[in-house]
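> Dropping a structure here in structure tokens format, bear with me for questions.
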Amino acid sequence: MRRLLIAGNWKMNGLSAQLAVATAVAQGVETYVAEGEETGQALPPEVLICPPATLLAALSATLRNTSLRTGGQDCHAASSGAHTGDLSAVMLADAGASYVIVGHSERRADHSETSAIVRAKAEAAAAAGLVPILCVGETEAERDSGAAVRIVCDQLIASLPPPETITGNALVIAYEPVWAIGSGRTPTLSQVQDMHAALRARLGETVGQEASRVRLLYGGSMKPQNAHDLLALHDVDGGLIGGASLNADEFLAIIAAARASLTL
Ligand code: PGA
């Protein structure tokens, strides 16, 4: 059983007032959990918010007595040192994070991050006790070329931390087609399932049975309207949500869709 993970990626959005959104999400989730207890529902989805680094410590404190977790959006591969402006995984953990996104396509594009750099970041995250959410995805031209599955699987293998560090609980992978991020467009359901199944199979060649326990998130224009169908796919174990995670009602609607997909 893979527990669904609904992860919000606030990107470079949110001043202190945005903490109220997280409080509202936490209250909504507590209500769902109480309802789930009454109906004896299976393990509810895990909910995570990755705020900008400036809000991480405050958000972690705000959510301390709730079931919500917090995460960073990036980390440096080193644990400390002369790297002005960067943050280490150890620092994120110290600020209350449980997860960290690595290799997001906006980092790969805006900061020229290669898969080798992403792999080093994922390794540093794991060493600091964080669960890396390793992002992969194809561009529109790569999708149009017909080779998206091969390209994304190759990107995954090149970005993976050492196989011996990979267990089902210690790694999350997010498939995010670059052309779907923030665009309102998404792949078809069968394209998403095919990609996720291929990623799991390719992961299995490297880590064996553990691949069946690693959670594979879908990201890219996940909204309340499409979340249920995406999350009901066999190899989709959650979502990485940008725009819709900034609004409590929208994010809660996606969490509700995740809960509904469990009862299928
Ligand atoms: P989006 O972003 O939901 O706004 O498309 C997803 C992401 O980039 O993680």
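The values are calculated or read from the model by the stated rules, or taken from the named source; none is laboratory data. The structure presented is a predicted model; accordingly, all values stated were derived computationally and were not measured. Here the Cβ positions follow ideal geometry from the backbone for every residue, glycine too, while neighbour counts run over all protein chains shown. SASA here: full protein model, heavy atoms, side chains in, ligands and nucleic acids out. Shrake-Rupley method; radii C 1.70, N 1.55, O 1.52, S 1.80 Å.
> Output the residues belonging to the stretch 90-114 that are surrounded by 18 or more Cβ atoms within 10 Å (Cβ to Cβ) and either within 16 Å of the ligand (Cβ to nearest atom) or of a type in the set (S, T, N, Q) (or both).
TYR99, VAL100, ILE101, VAL102, GLY103, HIS104, SER105, GLU106, ARG107, ARG108, GLU113
> Go through the stretch 212-243 residue by residue and tally those that are more than 14 Å from the chain's Cα centre (by Cα), surrounded by fewer than 21 Cβ atoms within 10 Å (Cβ to Cβ), touching a residue at least 12 places away in the same chain (Cβ under 8 Å) and in a helix (DSSP H, G or I).
Total satisfying the criteria: 5.
> Also, quick follow-up: Whether any residue in the stretch 119-139 is open to solvent by 70 Å² or more (accessible area, probe 1.4 Å), among the charged types (D, E, K, R) and in a loop (DSSP other than H, G, I, E, B) is what I want to check.
Looking for residues that are open to solvent by 70 Å² or more (accessible area, probe 1.4 Å), among the charged types (D, E, K, R) and in a loop (DSSP other than H, G, I, E, B), one finds none in the stretch 119-139, hence no.
> Tell me which residues, restricted to the stretch 168-183, are over 21 Å from GLY146 (Cβ atoms), more than 10 Å from the ligand (Cβ to nearest atom) and open to solvent by less than 60 Å² (accessible area, probe 1.4 Å).
Across the stretch 168-183, the qualifying residues are GLY168, ALA170, LEU171, VAL172, ILE173.
> Another one. Check off (1) closer than 19 Å to LEU231 by Cβ; (2) of a type outside the set (S, T, N, Q); (3) touching a residue at least 40 places away in the same chain (Cβ under 8 Å) for ARG69 and give me the number that stays unchecked.
(3)
> Taking the criterion of being free of Cβ contacts under 8 Å to residues at least 24 places away in the same chain, of a type in the set (A, V, I, L, M, F, W, C) and not in a strand (DSSP E or B), would at least one residue in the stretch 36-56 satisfy it?
No; the residues of the stretch 36-56 include none that is free of Cβ contacts under 8 Å to residues at least 24 places away in the same chain, of a type in the set (A, V, I, L, M, F, W, C) and not in a strand (DSSP E or B).
> Moving on. Which number in (1) open to solvent by less than 40 Å² (accessible area, probe 1.4 Å); (2) part of a helix (DSSP H, G or I); (3) among the aliphatic types (A, V, I, L, M) marks the one condition that ALA201 misses?
Every condition holds for ALA201 apart from (1).
> Checking ASP74 against (1) more than 16 Å from the ligand (Cβ to nearest atom); (2) in contact with a helix residue (DSSP H, G or I) (Cβ under 7 Å, 6 or more places away or on another chain); (3) closer than 30 Å to GLY137 by Cα: exactly one of these is not met. Which one?
With (1) more than 16 Å from the ligand (Cβ to nearest atom); (2) in contact with a helix residue (DSSP H, G or I) (Cβ under 7 Å, 6 or more places away or on another chain); (3) closer than 30 Å to GLY137 by Cα applied to ASP74, the lone miss is (1).
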